[in-house]
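The values are calculated or read from the model by the stated rules, or taken from the named source; none is laboratory data. As the structure is a prediction and not an experimental result, all values here were calculated from the model. For neighbour counting, all protein chains shown are included, and Cβ atoms are generated from backbone atoms with ideal geometry for every residue, glycine included.
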């Protein structure tokens, strides 16, 4: 796994040897940044949530981001992110936070122009719970009347959609924010989630990437 373009182009990146962590492969990262460039997205202030190896945020730094914050709860992953930043000589424009994503949404005090969202997912749970999850997400992402407490109190049913909504509703996302979410093609997120609308979807094998931008309303 290497940095694809920019100042650190060609530098190799370490990644965690953990079956539950899926590093974003070079081909997918390349497609993501090609899409962002075609959409004239501002990635000057980026957040890499569920950062894993930090590959997405490091790619943004290499391509000119002014600063990138990395959020990852796994201690080993945080160490690898720091090593990768040191190896690519991009550490000065970054911060690594070892914390849960939900805590980051509550405690970080800034708005980002670009947020990468690559939460883990369990394929067997996605298949078995998809009908119920889909009904819950319809209530959460734009259709009123559902019991949203189900998602809060039953974390086993948390999916890409619920994580997307948490980010979209947080103070970290505003009018100038683009959200890039990587997810399984078996559980596609809604096209509209609160103030954010999907503007593009990419697919490579089982991996999908959905890109959202602010569509209207008050921050």
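Summary table
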read-out: Listing of strands (runs of 3 or more DSSP E) fully contained in the range 7-118 that carry 1 or more residues being under 27 Å from residue 205 (Cα atoms); value: 45-49, 67-72, 114-117
read-out: Residue, surrounded by the most Cβ atoms within 10 Å (Cβ to Cβ), within the range 82-99, restricted to residues that are in contact (Cβ under 8 Å) with a residue 60 or more places away in the chain and farther than 18 Å from residue 112 by Cβ; value: 84
read-out: Conditions (1) over 13 Å from the mean Cα position of the chain (by Cα); (2) buried (at least 24 other Cβ atoms within 10 Å of the Cβ); number of the one not met by residue 46; value: (1)
read-out: Residues within the range 209-219 that are modelled with pLDDT of 90 or more and either within 15 Å of the chain's Cα centre (by Cα) or on the phi > 0 side of the Ramachandran plot (or both), tallied; value: 5
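To keep it simple, each residue is scored yes or no on (1) farther than 22 Å from residue 162 by Cα; (2) exposed (fewer than 13 other Cβ atoms within 10 Å of the Cβ); (3) modelled with pLDDT of 55 or more; (4) in contact with a strand residue (DSSP E or B) (Cβ under 6 Å, 6 or more places away or on another chain).
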| position | (1), (2), (3), (4) |
| --- | --- |
| 70 | no, no, yes, yes |
| 104 | no, no, yes, yes |
| 111 | no, no, yes, no |
| 119 | no, no, yes, no |
| 132 | no, yes, no, no |
